[in-house]
Structure formats: structure tokens, C-alpha cells
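The values are calculated or read from the model by the stated rules, or taken from the named source; none is laboratory data. The model shown is predicted, which means the values in this text are computed figures rather than measured ones. Note that each Cβ is placed from the backbone with ideal geometry, even for glycine, and that neighbours are counted across all protein chains shown. Surface areas here come from the heavy atoms of the whole protein model, side chains and all, with no ligands, DNA or RNA. Shrake-Rupley method; radii C 1.70, N 1.55, O 1.52, S 1.80 Å.
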Amino acid sequence: DGSVAVKIEIAPALRAALKLPGKQRKTRCFVEDRADERALRDAIETKVPALRLADYALEDRNGTVVVEGAAPEPEPEPAAPRAPAAAYRMLSYYHFFGDEKTADDVDAIVRALDRDWAALGVLGRAYAAPEGLNAQLAVPDDALGAFERRHLAFFEKLEEPAPGLNLA
């Protein structure tokens, strides 16, 4: 077997944002070619499933690959400072996963959605299980476009078709 061991360290800020346990601070994975970034990311995400849904960068520091959170693409600034939304759009969606998810995957999905929705001022809840996801939400009118873009990007990361949004 031509695999090489690679030491991995998850940066503290990313570990905190993903609410990873301390045991996932440092790990080791094996790859055929350390320079193959796609293979390295796949190996890291197998060890730390929550990273599948995160934007992150890899940096080699003295032989250890450090995984750091990448800054999300900024949304356009609203014309005025954001105050509590005067109007919300109610929406819901459901999605059955193509392949049943593990408990760790479900936890990572819920944490990723909570982070994303909080940044947009979304209210509501998602019910997640290994079989699928069901969400009932109130999205500020002025954040609906950003929500739709993030919704599509999120399911792209899951490698699942994005479910349609049922708007009320």
C-alpha cells in the first residue's frame, strides 16, 4: 500500500464554530498522494464529517495540515443598517436523502443550517433524521434572495438535489 500518513489539526475557531469535540482537534489520515488536495479533503472529511458542510482552507505548517475556516462569500450589504424585519415570508421544504445519513452527519447538517440561518435572521426549525430533513421557517423579506442562494449551495455540498421551497 502506497499510502502516506498525514497529520491534521483543526484550527480552534473552526472547531468551535462546528462544535467539534476535543478529540477531533488533531487526527491523522492516509492518502496516496499528499499533494492531491481533493483526495486529502475526502480523507479529512471521512475523519471529521462536519467538515463536509463547511467552507475551509488547508495550510501546510511544518508537516501538519491545518484546517481553517474560510470566510464565507459576503452577501451584499443592505441599504440601511439591519433592523428586525418588518415582514417575513413563511416557507417550508422537505427532503429525503439519497443515502441514509449517520447520526454525526445529521448533527453536522443541523449545526450548519443553524449557523447559516442565524446569519440571515431566519426563524424556525428543521427536523432532521438519518432519512431526511423537514424545515418550517420564517425568512425576512429582505433576506429571501440570499436564503435561496445559500439553500442551493448547501444541498450542492451535500451532493443532493435541492428541494423546492414552498412559499406561503
Practice problem: Note the full-extension length gain between GLU100 and PHE30 as 0.36 nm times their separation in residues minus their Cα-Cα distance, in nm to one decimal. | Solution: 22.7 nm
Quiz prompt | Sorted largest first, extent of the range 1-75 alpha carbons per principal axis (Å) | solution = 43, 27, 23
Exercise. Please report, as a whole percent, how much of the solvent-accessible surface of the chain comes from carbon and sulfur atoms (probe radius 1.4 Å).
Key: 52
Exercise. Quick one: divide the alpha-carbon radius of gyration of the chain by 2.2 N^0.38 Å and tell me what you get.
Key: 1.16
Self-check item: Solvent exposure of the range 1-69 as accessible area per residue, Å², 1.4 Å probe
Solution: 57
Quiz item: What number, rounded to the nearest 500 deg cm²/dmol, is the helix-based mean residue ellipticity at 222 nm of the chain, given -39500 (n - 2.57) per DSSP H run of at least four residues and division by all its residues?
Solution: -9500 deg cm²/dmol
Self-check item: Virtual paramagnetic centre 7 Å along Cα→Cβ of ASP107, amide N under 19 Å, in the range 16-32
Solution: 16-28
Practice problem: Mind jotting down the three principal axis lengths of the range 92-168 based on Cα atoms? Whole angstrom, largest first. | Solution: 34, 20, 20
Quiz prompt | Dipole magnitude of the chain, debye to nearest 20 (Cβ charges: Lys/Arg +1, Asp/Glu -1, about Cα centre) | solution = 700
Quiz item: Between ALA11 and ALA118, what FRET efficiency comes out of the Förster formula 1/(1 + (r/R0)^6) with R0 = 25 Å and r the beta carbon distance, rounded to 0.05?
Solution: 0.75
Quiz item: Spin-label point model (7 Å from Cα, Cβ direction): what's the ASP42 to GLU59 distance in nm?
Solution: 2.7
